[in-house]
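The values are calculated or read from the model by the stated rules, or taken from the named source; none is laboratory data. Note that the structure is a prediction, hence the values are computed from the model and not measured. Cβ placement follows ideal geometry from the backbone for every residue including glycine, while neighbour counts extend to all protein chains displayed. Areas reflect the complete protein model, heavy atoms only, side chains present, ligands, DNA and RNA absent. Shrake-Rupley method; radii C 1.70, N 1.55, O 1.52, S 1.80 Å.
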Amino acid sequence: MEGQKSILQPPTYGNLITVLSIDGGGIRGIIPGTILSFLESELQKLDGEDARIADYFDVIAGTSTGGLVTAMLTAPNENNRPLFAAKDIKDFYLESCPKIFPQLWSSFPHVAKIIKALSGPKYDGKYLHNIVKEKLGNIKLHQTLTNIAIPTFDIKKLEPTIFSTYEVQNKPSLDASLSDICIATSAAPTYLPAHYFETKAADGRVREFNLIDGGVAANNPTLIAIGEVTKQIMRGNPDFLAIKKMDYGRLLVISLGTGSPKAEEKYDADVAAKWGVLGWLTSGGSTPLVDVFTHASADMVDYHLSVVFQASHSEKNYLRIQDNSLNGIVSSVDIATKTNLEDLVKVGEGLLKKPVSRVNLETATVMPSDPETNEEALKRFAKLLSEEKHLRNARSPHGHTPSYKRI
(Lines give C-alpha, C1' and ligand atoms only; values in the text may rest on other atoms or scores of the structure.)
Protein backbone atom coordinates (compact mmCIF):
# COMPACT_ATOMS: atom_id res chain seq x y z
CA MET A 1 0.00 0.00 0.00
CA GLU A 2 1.60 3.21 -1.16
CA GLY A 3 1.04 6.23 1.06
CA GLN A 4 1.79 9.90 0.62
CA LYS A 5 5.45 10.89 0.89
CA SER A 6 6.38 13.14 3.77
CA ILE A 7 8.55 16.14 3.00
CA LEU A 8 10.58 15.18 6.06
CA GLN A 9 13.37 12.79 5.12
CA PRO A 10 13.71 9.60 7.26
CA PRO A 11 15.43 9.67 10.67
CA THR A 12 18.32 7.57 9.36
CA TYR A 13 19.70 10.74 7.71
CA GLY A 14 19.44 12.87 10.85
CA ASN A 15 20.48 13.06 14.47
CA LEU A 16 17.04 13.05 16.12
CA ILE A 17 13.67 11.33 16.05
CA THR A 18 10.95 13.95 16.36
CA VAL A 19 7.71 13.24 18.23
CA LEU A 20 4.60 15.32 18.89
CA SER A 21 1.86 14.10 21.24
CA ILE A 22 -1.52 15.66 22.05
CA ASP A 23 -3.70 14.59 24.99
CA GLY A 24 -7.44 14.09 25.07
CA GLY A 25 -9.72 16.53 26.86
CA GLY A 26 -12.82 17.53 24.88
CA ILE A 27 -13.21 21.25 24.32
CA ARG A 28 -9.90 21.78 26.13
CA GLY A 29 -8.22 20.68 22.90
CA ILE A 30 -8.25 24.37 22.10
CA ILE A 31 -5.35 24.74 24.59
CA PRO A 32 -2.83 22.60 22.64
CA GLY A 33 -4.29 24.09 19.46
CA THR A 34 -3.24 27.54 20.68
CA ILE A 35 0.24 26.28 21.59
CA LEU A 36 0.68 24.56 18.21
CA SER A 37 -0.29 27.78 16.46
CA PHE A 38 2.61 29.49 18.24
CA LEU A 39 5.05 26.68 17.38
CA GLU A 40 4.04 26.74 13.72
CA SER A 41 4.49 30.51 13.58
CA GLU A 42 8.05 30.07 14.88
CA LEU A 43 8.75 27.43 12.24
CA GLN A 44 7.42 29.81 9.60
CA LYS A 45 9.85 32.50 10.75
CA LEU A 46 12.66 30.02 10.06
CA ASP A 47 11.44 28.29 6.91
CA GLY A 48 8.74 30.37 5.25
CA GLU A 49 5.05 31.07 5.69
CA ASP A 50 3.92 27.77 4.16
CA ALA A 51 5.78 25.64 6.73
CA ARG A 52 3.44 23.31 8.63
CA ILE A 53 3.69 21.18 11.78
CA ALA A 54 3.50 17.95 9.75
CA ASP A 55 6.70 18.88 7.90
CA TYR A 56 8.84 18.47 11.03
CA PHE A 57 7.66 15.46 13.02
CA ASP A 58 8.40 11.80 12.32
CA VAL A 59 5.26 10.83 14.21
CA ILE A 60 2.30 12.70 15.68
CA ALA A 61 0.09 10.92 18.22
CA GLY A 62 -3.24 12.12 19.53
CA THR A 63 -6.01 10.80 21.75
CA SER A 64 -9.66 11.84 21.59
CA THR A 65 -9.70 15.60 20.86
CA GLY A 66 -5.93 15.26 20.33
CA GLY A 67 -6.62 12.62 17.68
CA LEU A 68 -8.87 15.07 15.88
CA VAL A 69 -6.13 17.72 15.97
CA THR A 70 -3.62 15.13 14.71
CA ALA A 71 -5.83 14.32 11.73
CA MET A 72 -6.41 17.99 10.96
CA LEU A 73 -2.66 18.67 10.91
CA THR A 74 -1.71 15.66 8.77
CA ALA A 75 -4.58 15.04 6.34
CA PRO A 76 -3.66 16.15 2.79
CA ASN A 77 -5.59 18.69 0.75
CA GLU A 78 -5.85 18.65 -3.04
CA ASN A 79 -2.30 20.07 -3.28
CA ASN A 80 -0.89 17.36 -1.00
CA ARG A 81 -0.30 19.87 1.79
CA PRO A 82 -1.89 19.77 5.27
CA LEU A 83 -5.63 20.36 5.22
CA PHE A 84 -5.39 22.69 8.23
CA ALA A 85 -2.74 25.09 9.43
CA ALA A 86 -2.26 25.10 13.19
CA LYS A 87 -3.78 28.58 13.40
CA ASP A 88 -7.04 27.18 11.98
CA ILE A 89 -7.57 24.84 14.92
CA LYS A 90 -8.69 27.59 17.29
CA ASP A 91 -11.39 28.83 14.90
CA PHE A 92 -12.57 25.26 14.26
CA TYR A 93 -13.07 24.70 17.99
CA LEU A 94 -14.71 28.08 18.58
CA GLU A 95 -17.19 27.43 15.77
CA SER A 96 -17.82 23.70 16.15
CA CYS A 97 -17.71 22.92 19.87
CA PRO A 98 -21.00 24.67 20.76
CA LYS A 99 -22.70 22.43 18.16
CA ILE A 100 -20.86 19.26 19.20
CA PHE A 101 -21.67 19.89 22.87
CA PRO A 102 -24.99 21.79 22.87
CA GLN A 103 -25.71 23.03 26.37
CA LEU A 104 -28.66 21.54 28.24
CA TRP A 105 -30.74 24.24 29.86
CA SER A 106 -33.25 23.19 32.53
CA SER A 107 -34.97 24.59 35.61
CA PHE A 108 -33.57 21.59 37.45
CA PRO A 109 -30.16 21.00 35.80
CA HIS A 110 -28.94 18.39 38.29
CA VAL A 111 -32.07 16.26 37.85
CA ALA A 112 -31.92 16.63 34.08
CA LYS A 113 -28.27 15.55 34.14
CA ILE A 114 -29.05 12.39 36.13
CA ILE A 115 -31.92 11.47 33.80
CA LYS A 116 -29.66 12.00 30.78
CA ALA A 117 -26.88 9.90 32.35
CA LEU A 118 -29.32 7.05 32.93
CA SER A 119 -30.90 7.17 29.48
CA GLY A 120 -27.82 7.35 27.24
CA PRO A 121 -24.78 9.44 26.33
CA LYS A 122 -24.97 13.12 27.14
CA TYR A 123 -24.62 14.11 23.46
CA ASP A 124 -25.81 12.27 20.33
CA GLY A 125 -22.62 12.95 18.38
CA LYS A 126 -24.47 13.70 15.13
CA TYR A 127 -22.87 17.09 14.53
CA LEU A 128 -19.41 15.73 15.38
CA HIS A 129 -19.88 12.86 12.92
CA ASN A 130 -21.11 15.19 10.18
CA ILE A 131 -18.42 17.86 10.55
CA VAL A 132 -15.58 15.34 10.77
CA LYS A 133 -16.80 13.52 7.65
CA GLU A 134 -17.28 16.83 5.85
CA LYS A 135 -13.74 18.03 6.65
CA LEU A 136 -11.85 14.75 6.20
CA GLY A 137 -13.94 13.20 3.43
CA ASN A 138 -12.65 9.81 2.24
CA ILE A 139 -9.04 10.31 3.32
CA LYS A 140 -7.57 7.05 4.64
CA LEU A 141 -5.02 6.47 7.37
CA HIS A 142 -2.21 5.63 4.93
CA GLN A 143 -2.58 9.00 3.20
CA THR A 144 -1.47 11.22 6.08
CA LEU A 145 1.48 13.49 5.35
CA THR A 146 3.57 12.11 8.19
CA ASN A 147 3.22 9.09 10.46
CA ILE A 148 0.46 9.22 13.03
CA ALA A 149 -0.76 7.02 15.90
CA ILE A 150 -4.27 7.37 17.32
CA PRO A 151 -5.42 5.06 20.14
CA THR A 152 -8.95 3.78 20.60
CA PHE A 153 -10.42 0.99 22.74
CA ASP A 154 -12.40 -1.94 21.32
CA ILE A 155 -15.16 -2.76 23.82
CA LYS A 156 -16.03 -6.03 22.08
CA LYS A 157 -12.48 -7.37 22.37
CA LEU A 158 -11.71 -5.43 25.56
CA GLU A 159 -8.36 -4.32 24.18
CA PRO A 160 -6.82 -1.15 22.74
CA THR A 161 -6.73 -0.64 18.99
CA ILE A 162 -4.03 1.75 17.78
CA PHE A 163 -4.43 3.21 14.31
CA SER A 164 -0.80 3.61 13.30
CA THR A 165 0.45 4.42 9.81
CA TYR A 166 3.54 2.36 10.63
CA GLU A 167 1.31 -0.74 10.90
CA VAL A 168 -0.88 -0.27 7.82
CA GLN A 169 1.54 -2.15 5.55
CA ASN A 170 1.43 -5.25 7.78
CA LYS A 171 -2.17 -4.85 8.93
CA PRO A 172 -4.21 -3.42 6.02
CA SER A 173 -7.41 -3.82 8.04
CA LEU A 174 -6.28 -0.78 10.04
CA ASP A 175 -6.46 1.44 6.96
CA ALA A 176 -9.73 3.04 8.01
CA SER A 177 -10.97 6.47 7.03
CA LEU A 178 -9.60 9.25 9.22
CA SER A 179 -13.15 10.37 9.91
CA ASP A 180 -14.08 7.00 11.45
CA ILE A 181 -10.86 6.97 13.48
CA CYS A 182 -11.51 10.48 14.83
CA ILE A 183 -15.13 9.72 15.73
CA ALA A 184 -14.03 6.54 17.52
CA THR A 185 -11.19 8.04 19.53
CA SER A 186 -13.50 10.88 20.62
CA ALA A 187 -16.32 8.60 21.86
CA ALA A 188 -15.82 9.33 25.56
CA PRO A 189 -17.98 7.08 27.77
CA THR A 190 -21.12 8.86 29.05
CA TYR A 191 -20.45 11.84 26.75
CA LEU A 192 -20.61 10.49 23.17
CA PRO A 193 -21.85 7.18 21.70
CA ALA A 194 -19.52 4.28 20.90
CA HIS A 195 -18.65 4.01 17.20
CA TYR A 196 -19.00 0.96 14.94
CA PHE A 197 -17.50 0.65 11.48
CA GLU A 198 -15.90 -1.92 9.19
CA THR A 199 -12.91 -2.03 6.90
CA LYS A 200 -12.42 -4.32 3.92
CA ALA A 201 -8.96 -5.49 2.88
CA ALA A 202 -7.87 -6.12 -0.71
CA ASP A 203 -8.40 -9.86 -0.21
CA GLY A 204 -12.03 -9.22 0.71
CA ARG A 205 -11.71 -9.87 4.43
CA VAL A 206 -13.87 -7.61 6.57
CA ARG A 207 -12.86 -6.40 10.01
CA GLU A 208 -15.32 -4.85 12.39
CA PHE A 209 -14.50 -2.26 15.04
CA ASN A 210 -16.54 -1.48 18.17
CA LEU A 211 -14.69 1.49 19.57
CA ILE A 212 -14.72 4.11 22.30
CA ASP A 213 -12.46 6.95 23.40
CA GLY A 214 -8.71 6.30 23.20
CA GLY A 215 -8.41 7.95 26.62
CA VAL A 216 -9.46 4.63 28.14
CA ALA A 217 -6.14 3.23 26.89
CA ALA A 218 -3.88 6.28 26.81
CA ASN A 219 -5.11 9.81 27.38
CA ASN A 220 -1.50 10.95 27.01
CA PRO A 221 -0.32 9.03 23.91
CA THR A 222 3.37 9.99 24.06
CA LEU A 223 4.48 6.47 24.97
CA ILE A 224 2.40 5.07 22.12
CA ALA A 225 4.27 7.29 19.65
CA ILE A 226 7.64 6.27 21.10
CA GLY A 227 6.56 2.62 21.09
CA GLU A 228 5.65 2.78 17.40
CA VAL A 229 9.10 4.21 16.60
CA THR A 230 10.81 1.58 18.75
CA LYS A 231 9.07 -1.22 16.85
CA GLN A 232 10.39 0.15 13.56
CA ILE A 233 13.94 0.13 14.91
CA MET A 234 13.52 -3.44 16.15
CA ARG A 235 12.15 -4.55 12.78
CA GLY A 236 15.01 -3.00 10.83
CA ASN A 237 12.85 -0.48 8.98
CA PRO A 238 15.19 1.13 6.39
CA ASP A 239 14.05 4.57 7.56
CA PHE A 240 15.88 3.81 10.83
CA LEU A 241 18.94 1.93 9.50
CA ALA A 242 21.46 4.18 11.25
CA ILE A 243 19.70 3.66 14.58
CA LYS A 244 20.54 0.30 16.14
CA LYS A 245 18.63 0.64 19.40
CA MET A 246 16.23 3.00 21.11
CA ASP A 247 18.36 5.83 22.48
CA TYR A 248 16.18 8.32 24.36
CA GLY A 249 18.91 10.90 23.84
CA ARG A 250 17.96 10.92 20.15
CA LEU A 251 14.32 11.67 20.85
CA LEU A 252 12.97 15.21 20.59
CA VAL A 253 9.52 15.11 22.19
CA ILE A 254 6.81 17.73 22.61
CA SER A 255 3.89 16.47 24.69
CA LEU A 256 0.88 18.77 24.99
CA GLY A 257 -1.73 18.40 27.72
CA THR A 258 -5.22 19.86 27.74
CA GLY A 259 -5.14 21.06 31.35
CA SER A 260 -6.34 19.60 34.65
CA PRO A 261 -8.06 21.02 37.75
CA LYS A 262 -5.92 22.57 40.46
CA ALA A 263 -5.48 20.58 43.65
CA GLU A 264 -8.33 22.11 45.63
CA GLU A 265 -10.71 21.58 42.70
CA LYS A 266 -10.21 17.81 42.67
CA TYR A 267 -12.35 15.30 44.48
CA ASP A 268 -12.43 14.66 48.22
CA ALA A 269 -12.25 11.08 49.56
CA ASP A 270 -14.76 11.79 52.33
CA VAL A 271 -17.29 12.84 49.68
CA ALA A 272 -16.37 10.16 47.13
CA ALA A 273 -16.69 7.44 49.79
CA LYS A 274 -20.45 8.03 49.72
CA TRP A 275 -20.79 7.84 45.93
CA GLY A 276 -22.58 5.05 44.14
CA VAL A 277 -22.78 4.62 40.37
CA LEU A 278 -24.55 7.95 39.88
CA GLY A 279 -22.05 9.78 42.08
CA TRP A 280 -19.11 8.55 40.02
CA LEU A 281 -20.93 9.54 36.84
CA THR A 282 -22.48 12.90 37.70
CA SER A 283 -20.89 14.58 40.73
CA GLY A 284 -19.28 18.00 40.84
CA GLY A 285 -20.57 19.16 37.48
CA SER A 286 -18.50 16.57 35.59
CA THR A 287 -17.93 12.81 35.37
CA PRO A 288 -15.47 11.84 38.13
CA LEU A 289 -14.90 8.30 36.83
CA VAL A 290 -13.79 9.60 33.43
CA ASP A 291 -11.74 12.40 35.00
CA VAL A 292 -9.89 10.01 37.28
CA PHE A 293 -8.78 7.49 34.69
CA THR A 294 -7.85 10.08 32.05
CA HIS A 295 -5.76 12.22 34.42
CA ALA A 296 -4.14 9.16 36.01
CA SER A 297 -3.21 7.82 32.58
CA ALA A 298 -1.71 11.14 31.45
CA ASP A 299 0.23 11.78 34.66
CA MET A 300 1.77 8.29 34.79
CA VAL A 301 3.08 8.68 31.24
CA ASP A 302 4.63 12.03 32.14
CA TYR A 303 6.21 10.54 35.27
CA HIS A 304 7.67 7.59 33.35
CA LEU A 305 9.12 9.80 30.61
CA SER A 306 10.54 12.24 33.12
CA VAL A 307 12.40 9.38 34.80
CA VAL A 308 13.75 8.05 31.50
CA PHE A 309 14.82 11.41 30.07
CA GLN A 310 16.44 12.52 33.32
CA ALA A 311 18.25 9.17 33.61
CA SER A 312 19.62 9.62 30.09
CA HIS A 313 20.64 13.25 30.85
CA SER A 314 18.49 14.49 28.01
CA GLU A 315 15.64 16.17 29.90
CA LYS A 316 15.94 19.24 27.64
CA ASN A 317 14.78 17.03 24.76
CA TYR A 318 11.44 16.38 26.47
CA LEU A 319 8.95 19.22 26.77
CA ARG A 320 5.65 18.60 28.53
CA ILE A 321 3.32 21.59 28.45
CA GLN A 322 0.37 21.21 30.79
CA ASP A 323 -1.66 23.56 32.98
CA ASN A 324 -2.46 21.89 36.31
CA SER A 325 -4.24 24.92 37.76
CA LEU A 326 -7.58 25.04 35.94
CA ASN A 327 -10.55 25.89 38.11
CA GLY A 328 -14.30 26.09 37.77
CA ILE A 329 -16.02 25.90 34.40
CA VAL A 330 -12.78 26.22 32.43
CA SER A 331 -11.73 22.77 33.69
CA SER A 332 -14.76 21.06 32.11
CA VAL A 333 -14.52 19.02 28.92
CA ASP A 334 -17.89 19.99 27.46
CA ILE A 335 -19.20 23.36 28.68
CA ALA A 336 -18.89 24.86 25.22
CA THR A 337 -20.18 28.37 25.79
CA LYS A 338 -18.61 31.19 23.82
CA THR A 339 -17.19 32.69 27.02
CA ASN A 340 -15.65 29.44 28.23
CA LEU A 341 -14.07 28.65 24.86
CA GLU A 342 -12.56 32.12 24.71
CA ASP A 343 -11.29 31.65 28.26
CA LEU A 344 -9.60 28.41 27.18
CA VAL A 345 -7.79 30.29 24.41
CA LYS A 346 -6.53 32.66 27.11
CA VAL A 347 -5.39 29.64 29.16
CA GLY A 348 -3.31 28.46 26.21
CA GLU A 349 -1.84 31.92 25.65
CA GLY A 350 -1.08 32.28 29.36
CA LEU A 351 0.53 28.85 29.46
CA LEU A 352 3.12 30.00 26.93
CA LYS A 353 4.32 32.62 29.41
CA LYS A 354 4.68 30.17 32.32
CA PRO A 355 8.00 28.54 33.18
CA VAL A 356 8.70 25.01 31.97
CA SER A 357 7.53 22.47 34.56
CA ARG A 358 8.86 18.98 35.19
CA VAL A 359 8.06 16.08 37.49
CA ASN A 360 9.96 16.14 40.76
CA LEU A 361 11.02 12.49 40.98
CA GLU A 362 11.15 12.60 44.78
CA THR A 363 7.60 13.87 45.31
CA ALA A 364 6.04 12.82 41.96
CA THR A 365 4.56 16.31 41.68
CA VAL A 366 4.88 18.65 38.72
CA MET A 367 6.46 21.99 39.48
CA PRO A 368 8.22 24.86 37.71
CA SER A 369 11.82 23.75 37.29
CA ASP A 370 13.42 26.02 34.75
CA PRO A 371 13.90 29.75 34.15
CA GLU A 372 12.96 29.01 30.52
CA THR A 373 9.31 29.70 29.73
CA ASN A 374 7.21 27.37 27.57
CA GLU A 375 7.32 30.03 24.86
CA GLU A 376 11.13 30.15 24.98
CA ALA A 377 11.30 26.35 25.01
CA LEU A 378 9.10 26.15 21.91
CA LYS A 379 11.34 28.66 20.13
CA ARG A 380 14.32 26.45 21.00
CA PHE A 381 12.50 23.36 19.76
CA ALA A 382 11.49 25.15 16.55
CA LYS A 383 15.15 25.86 15.84
CA LEU A 384 16.10 22.24 16.55
CA LEU A 385 13.27 20.96 14.34
CA SER A 386 14.29 23.21 11.47
CA GLU A 387 17.97 22.27 11.79
CA GLU A 388 17.10 18.57 11.86
CA LYS A 389 14.97 18.90 8.75
CA HIS A 390 17.71 20.66 6.81
CA LEU A 391 20.37 18.23 8.03
CA ARG A 392 18.34 15.31 6.70
CA ASN A 393 17.88 17.06 3.37
CA ALA A 394 21.63 17.59 3.10
CA ARG A 395 22.49 13.97 3.95
CA SER A 396 19.76 12.20 2.01
CA PRO A 397 20.28 11.30 -1.67
CA HIS A 398 16.61 12.19 -2.04
CA GLY A 399 16.95 15.44 -0.12
CA HIS A 400 15.47 18.56 -1.60
CA THR A 401 14.64 22.11 -0.78
CA PRO A 402 10.88 22.30 -0.20
CA SER A 403 9.07 24.55 -2.63
CA TYR A 404 7.77 26.70 0.22
CA LYS A 405 11.20 27.51 1.68
CA ARG A 406 12.44 31.03 1.35
CA ILE A 407 15.64 31.22 -0.70
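Number of residues in segment 26-48 that are open to solvent by 10 Å² or more (accessible area, probe 1.4 Å) and either on the phi > 0 side of the Ramachandran plot or at pLDDT below 95 (or both) equals 1.
Considering only residues of segment 146-172 that are at pLDDT below 95 and polar (S, T, N, Q), which is nearest to F57 (Cα to Cα)? Top of the filtered list is Q169.
In segment 337-360, the count of residues that are touching a residue at least 40 places away in the same chain (Cβ under 8 Å), open to solvent by less than 60 Å² (accessible area, probe 1.4 Å), touching a helix residue (DSSP H, G or I) at 6+ places or on another chain (Cβ under 9 Å) and closer than 21 Å to L251 by Cβ is one or more.
On the basis of being closer than 20 Å to Y318 by Cα, assigned to a loop (DSSP other than H, G, I, E, B) and either touching a Lys or Arg at 6+ places or on another chain (Cβ under 6 Å) or at pLDDT 95 or above (or both), does F57 make the cut? Steps first, answer last, please.
Numbers: closer than 20 Å to Y318 by Cα: yes; assigned to a loop (DSSP other than H, G, I, E, B): yes; either touching a Lys or Arg at 6+ places or on another chain (Cβ under 6 Å) or at pLDDT 95 or above (or both): yes.
Yes, satisfied.
As for segment 268-276, it holds at least one residue that is out of contact with any Lys or Arg (no Cβ under 8 Å at 6 or more places or on another chain), open to solvent by less than 60 Å² (accessible area, probe 1.4 Å), modelled with pLDDT under 85 and outside any helix (DSSP H, G or I). Of the residues making up segment 305-337, those that are more than 20 Å from P221 (Cα to Cα) and part of a helix (DSSP H, G or I) are A311, G328, I329, V330, S331.
Here S21 meets the list (1) surrounded by fewer than 22 Cβ atoms within 10 Å (Cβ to Cβ); (2) modelled with pLDDT of 95 or more almost entirely, failing just condition (1).
Scanning segment 361-385 for residues that are open to solvent by 10 Å² or more (accessible area, probe 1.4 Å), farther than 30 Å from P98 by Cα and in a helix (DSSP H, G or I) gives E376, K379, R380, K383, L384. Taken over segment 186-201, the residue count meeting the criterion of being surrounded by 18 or more Cβ atoms within 10 Å (Cβ to Cβ) and in a strand (DSSP E or B) is 2. Residue-level check: of (1) open to solvent by 60 Å² or more (accessible area, probe 1.4 Å); (2) modelled with pLDDT under 95; (3) among the polar types (S, T, N, Q), S306 misses just (1). Can you name every residue in segment 89-123 that is surrounded by fewer than 16 Cβ atoms within 10 Å (Cβ to Cβ), at pLDDT below 55 and closer than 15 Å to D334 by Cβ? Result: P109, A112. If you go through segment 309-326 and pick out every residue that is under 22 Å from the mean Cα position of the chain (by Cα) and either closer than 25 Å to Y267 by Cβ or open to solvent by 60 Å² or more (accessible area, probe 1.4 Å) (or both), you end up with 9. Is it fair to say N324 is out of contact with any helix residue (DSSP H, G or I) (no Cβ under 7 Å at 6 or more places or on another chain) and over 25 Å from D47 (Cβ atoms)? Yes: the conditions hold for N324.
For the structure I just gave you, tell me whether I254 is open to solvent by less than 40 Å² (accessible area, probe 1.4 Å) and not in a loop (DSSP other than H, G, I, E, B). Explain how you work it out, then say what you get.
Numbers: open to solvent by less than 40 Å² (accessible area, probe 1.4 Å): yes; not in a loop (DSSP other than H, G, I, E, B): yes.
In short, yes.
Residue count for segment 65-85 under the criterion of being more than 22 Å from F381 (Cα to Cα), assigned to a loop (DSSP other than H, G, I, E, B) and open to solvent by 10 Å² or more (accessible area, probe 1.4 Å): the result is 6. Pairing residues of segment 171-196 that are under 30 Å from W280 (Cβ atoms) with residues that are open to solvent by less than 30 Å² (accessible area, probe 1.4 Å) and polar (S, T, N, Q), at Cβ distances under 6 Å and at least 6 apart in sequence or on separate chains, gives A184/T152; T185/S64; T185/T152; S186/S64; T190/T287. When segment 205-220 is examined, which residues are found to be free of Cβ contacts under 8 Å to residues at least 60 places away in the same chain and assigned to a strand (DSSP E or B)? Listed by number, the residues that qualify are V206, R207, E208, F209, N210, L211. Listed conditions (1) open to solvent by 40 Å² or more (accessible area, probe 1.4 Å); (2) within 14 Å of the chain's Cα centre (by Cα); (3) not aromatic (F, W, Y) are all met by D213, apart from (1). Might you let me know whether segment 230-240 holds any residue that is surrounded by 12 or more Cβ atoms within 10 Å (Cβ to Cβ), of a type in the set (K, R) and at pLDDT 90 or above? Looking for residues that are surrounded by 12 or more Cβ atoms within 10 Å (Cβ to Cβ), of a type in the set (K, R) and at pLDDT 90 or above, one finds at least one in segment 230-240, hence yes.
Taking the criterion of being within 21 Å of the chain's Cα centre (by Cα) and free of Cβ contacts under 8 Å to residues at least 24 places away in the same chain, the residues of segment 221-259 that qualify are G227, T230.
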